[in-house]
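All of the numbers you see were taken from the coordinates with simple rules; none came from a lab. Owing to the predicted nature of the structure, the values given are computational and were not obtained by experimental measurement. Every residue, glycine as well, gets a Cβ built from its backbone with ideal geometry; the counts of neighbours run over all protein chains shown.
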Amino acid sequence: MLATEPGAWKPFAGGTDLMVLLEAGKLPHQNYLNIWGLDELRGIEANDTHLMLGALTTYTQIQAHPILRAEFPMLCQAASETGGLAIQNRGTIGGNIVNASPAADSPPALLAYDAELELSSRAGARWIPYHGFHTGYKQMLLRPDELLTRIRLPRQTRNKLQHYRKVGTRKAQAISKICFAGMATTNNSTVADVRIAFGSVAPVPLRCVKTESALRGQQLDANAIASARQALAEEIVPIDDIRSTKNYRLQVSLNLFDDFLSRISSPA
Ligand SMILES: Cc1cc2nc3c(=O)[nH]c(=O)nc-3n(C[C@H](O)[C@H](O)[C@H](O)COP(=O)(O)OP(=O)(O)OC[C@H]3O[C@@H](n4cnc5c(N)ncnc54)[C@H](O)[C@@H]3O)c2cc1C
């Protein structure tokens, strides 16, 4: 159906984003293609190098999976802080990605983990890096004839410090004001590898590659920290909206970044 009438049908997974828009009259008339019954899009599979999540994997399933809990705790934490239990039972990781909200909670973790996406159509399947998938506000590299089918995570998190933090109005049922995911390794107190991503600081979930470059290879002394904070302040572009102000978001982003750096300097 997607192939023969591209754009005419909108995939409907858990419906937790779509139903809100539909009820509010904010969706133009669409034909909905219910993909909830496609068991091929479910399940979490592991091999030696990767973990593969079907696009219909729910937040509840993510939190319950032993390998995700052991190796990808930031994704589990994002899942546990998404909505409330009803949303976690019904909302899917694929829906979170394609809904493309810059305030969504899973994307920063997925960016820090270097996730890849499988996009499938009648023409076949292609894998692309998640970093770069969102090209502008609610714009992405998904063609109208494609479904997001799987999400792949490299199993390279062992011995890496992982730090995830969502700042919202409440502990549950609150969209993020700011969301942070960071992962790092050090070698003789020098930052060896570092990945940093934020939600709600730009039109897209943002991987902060310039801030990462400012940190890589550095000993975290006062000068290095000041340069990295400066890089972060220049890289993010927070805005004023109904949930928060630009100034608050900038300050909280720097605070979360400081927390991350202090954990790198003195891992618990
Ligand atoms: C009360 C409430 C609280 C919420 N709290 C949070 C929160 O704290 N954090 C957060 O990040 N989100 C939150 N959300 C948003 C929502 O629950 C998530 O974004 C969820 O992951 C969406 O998944 P879904 O399966 O319900 O998507 P759907 O609503 O079914 O679809 C969302 C979009 O993705 C497309 N789509 C879905 N699956 C695919 C696929 N496989 N291939 C191609 N396109 C697809 C749909 O066409 C649609 O455009 C909340 C929503 C509600 C109603």
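Find the Cα radius of gyration of region 27-91, compare it with 2.2 N^0.38 Å by division, and give the number to two decimals. Kindly include the intermediate steps, with their values, before the conclusion.
On the way: Rg = 13.8 Å, N = 65, 2.2 N^0.38 = 10.7 Å.
Working it through for region 27-91, the quotient is 1.28.
Among P238, P203, P144, which one shows the highest mean-square fluctuation when the chain is modelled as a Gaussian network with alpha-carbon springs under 10 Å?
Comparing P238, P203, P144 in a Gaussian network model of the chain, the most mobile one is P144.
Just want the ordering: T49, T245, T60, T82, from fewest to most Cβ atoms lying within 10 Å of their own Cβ. Numbers along the way, then the final one.
On the way: T49 10, T245 13, T60 16, T82 25.
Sorted ascending by nearby Cβ count, the order is T49, T245, T60, T82.
Zone of S189 (label point 7 Å along Cα→Cβ, backbone N under 11 Å): which residues in region 222-244?
Backbone N within reach: 222.
What does the charge count near D193 come to, summing +1 for each Lys or Arg and -1 for each Asp or Glu among other residues with Cβ under 10 Å from its Cβ?
Net charge in that neighbourhood comes out at +2.
Taking a 23 Å limit on the Cα-Cα distance, which of the listed pairs K10/K171; K160/K246; K26/K138 fall beyond it? The partial results should precede the final answer.
On the way: K10/K171 32 Å; K160/K246 31 Å; K26/K138 15 Å.
Flagged as over cut-off: K10/K171; K160/K246.
Using the 10 angstrom Cβ neighbour count as an exposure proxy, how do D259, D105, D17 rank, fewest first?
Working: D259 14, D105 27, D17 20.
Fewest to most other Cβ atoms nearby, the residues stand as D259, D17, D105.
Per residue of the chain, what 222 nm ellipticity follows from adding -39500 (n - 2.57) for every DSSP H run with n ≥ 4, rounded to the nearest 500? Display every interim value, and only then the final one.
Values: 10 runs with 87 residues, N = 268.
Taking each H run of at least 4 residues, the total per residue is -9000 deg cm²/dmol.
Using r as the Cβ-Cβ distance of N31 and A70, and R0 as 51 Å, what FRET efficiency do you calculate, to the nearest 0.05? Intermediate results must be reported in sequence, preceding the final value.
Values: r = 42 Å, r/R0 = 0.82.
Efficiency for this residue pair is about 0.75.
Using alpha-carbon pairs under 8 Å, 6+ residues apart, how would you state the relative contact order of region 175-248 in percent?
Numbers: 110 pairs, mean separation 19.0, N = 74.
Relative contact order for region 175-248 comes out at 26 percent.
Order by neighbour count: V20, V167, V194, fewest other Cβ atoms within 10 Å first, most last. Each step should come with its number before you reach the end.
Details: V20 11, V167 19, V194 26.
The most exposed by this proxy come first: V20, V167, V194.
Beyond 23 Å, what share of the Cα-Cα pairs of region 166-257 is found? Please give it as a whole percent.
Details: 1066 of 4186 pairs.
Result: 25 percent of Cα pairs exceed 23 Å.
With just the Cα atoms of the chain, tell me how far they stretch along each of the three principal axes, in Å, largest first.
In descending order, the Cα extents are 58, 44, 33 Å.
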